[in-house]
Amino acid sequence: MSTTAIEGVVAAGHVPIFVIPAASVTSFPDNGGSVPLAALTGATTTKIDCYLDAGDVSFSRSEQTKTRQRLCQTIAETVKVGETIDITIAAVYDQQESDTADVNKAYAALAEGAEVVVAVAWGWDQSATPDATTVVDVWKGKVRTQDRNFPTSADEDLKFTSIVSVSQQAKDVTLTAA
């Protein structure tokens, strides 16, 4: 048992988040699998962490279960039969600028109805370009809704919120050059 405090990785600058068009990941990986490096570095991918404040991304994960008790069992058990995963992302935007303006790139990438892969490289320096040593978690889904948020204080940035309904996920995915 360790009695020495273990250093962690500060979140600021170490949670790069990428929104990839789903068509760029033609074969969705299993846990520990791989996706092409070009999916994260390609021109159609949008790195969105600079559009976000801490707390602007949240995941909700709900199990669907059933109760099972075979005749040989004296105690019923709860069995997972599925789950629902949603990713909620709030980011800055400016309605007065075009969708191609820098301030609106996250807004355009997370348009309602878009099929996307969200990739997060936990602990990766956001200023470094992803490479073959980068490990990511990925979620594939469809943007279910996109709404503009009313500000709660006069000094906050204008933001929108998109909700991605996840259909597949994979953890600890590596990036391959080809």
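Filtered by the rule that a residue be more than 13 Å from the chain's Cα centre (by Cα) and in a helix (DSSP H, G or I), the range 1-56 gives Ala23, Ser24, Leu37, Ala38, Ala39, Thr41, Cys50, Tyr51.
Does Ala121 fit the bill of being within 14 Å of Leu40 (Cβ to Cβ), out of contact with any helix residue (DSSP H, G or I) (no Cβ under 6 Å at 6 or more places or on another chain) and at pLDDT below 95? Considered against the rule, which asks whether it is within 14 Å of Leu40 (Cβ to Cβ), out of contact with any helix residue (DSSP H, G or I) (no Cβ under 6 Å at 6 or more places or on another chain) and at pLDDT below 95, Ala121 comes out as no.
Every listed requirement among (1) loosely packed, with under 11 Cβ neighbours inside 10 Å; (2) without any contact (Cβ under 8 Å) to a residue 40 or more places away in the chain; (3) out of contact with any strand residue (DSSP E or B) (no Cβ under 7 Å at 6 or more places or on another chain) is met by Glu97 save one, (1). For the structure I just gave you, tell me whether Ala108 is within 14 Å of Lys47 (Cβ to Cβ) and surrounded by fewer than 16 Cβ atoms within 10 Å (Cβ to Cβ). Here the answer is yes, as Ala108 does meet what is asked.
For the range 58-97, filtered to residues that are of a type in the set (D, E, K, R) and part of a strand (DSSP E or B), the residue that is nearest to the chain's Cα centre (by Cα) is Asp86. For the residues Lys105, Lys140, the requirement of being under 18 Å from Ala38 (Cα atoms), in contact with a strand residue (DSSP E or B) (Cβ under 7 Å, 6 or more places away or on another chain) and basic (Lys, Arg) singles out Lys140. Where strands (runs of 3 or more DSSP E) sit wholly within the range 100-178, those with at least 1 residues that are over 16 Å from the mean Cα position of the chain (by Cα) and without any contact (Cβ under 8 Å) to a residue 60 or more places away in the chain occupy 135-148. If I filter the range 39-54 for residues that are in contact (Cβ under 8 Å) with a residue 24 or more places away in the chain, more than 17 Å from Gly123 (Cα to Cα), out of contact with any Phe, Trp or Tyr (no Cβ under 8 Å at 6 or more places or on another chain) and of a type in the set (D, E, K, R), do I get at least one hit? Checking the range 39-54: not a single residue is in contact (Cβ under 8 Å) with a residue 24 or more places away in the chain, more than 17 Å from Gly123 (Cα to Cα), out of contact with any Phe, Trp or Tyr (no Cβ under 8 Å at 6 or more places or on another chain) and of a type in the set (D, E, K, R).
Residue by residue, here is whether (1) at pLDDT 95 or above; (2) basic (Lys, Arg); (3) at positive phi holds:
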site	(1), (2), (3)
Ser127	no, no, no
Val135	yes, no, no
Pro151	no, no, no
Lys159	yes, yes, no
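Within the range 12-21, the only residue that satisfies the criterion of being surrounded by fewer than 17 Cβ atoms within 10 Å (Cβ to Cβ) and modelled with pLDDT of 95 or more is Pro21. Here Ile85 meets the list (1) touching a residue at least 40 places away in the same chain (Cβ under 8 Å); (2) more than 27 Å from Pro36 (Cβ to Cβ); (3) of a type in the set (A, V, I, L, M) almost entirely, failing just condition (2).
The values are calculated or read from the model by the stated rules, or taken from the named source; none is laboratory data. None of the values given here were measured: they were computed from a predicted structure. Positions of Cβ are backbone-derived with ideal geometry, glycine not excepted, and every protein chain shown enters the neighbour counts.
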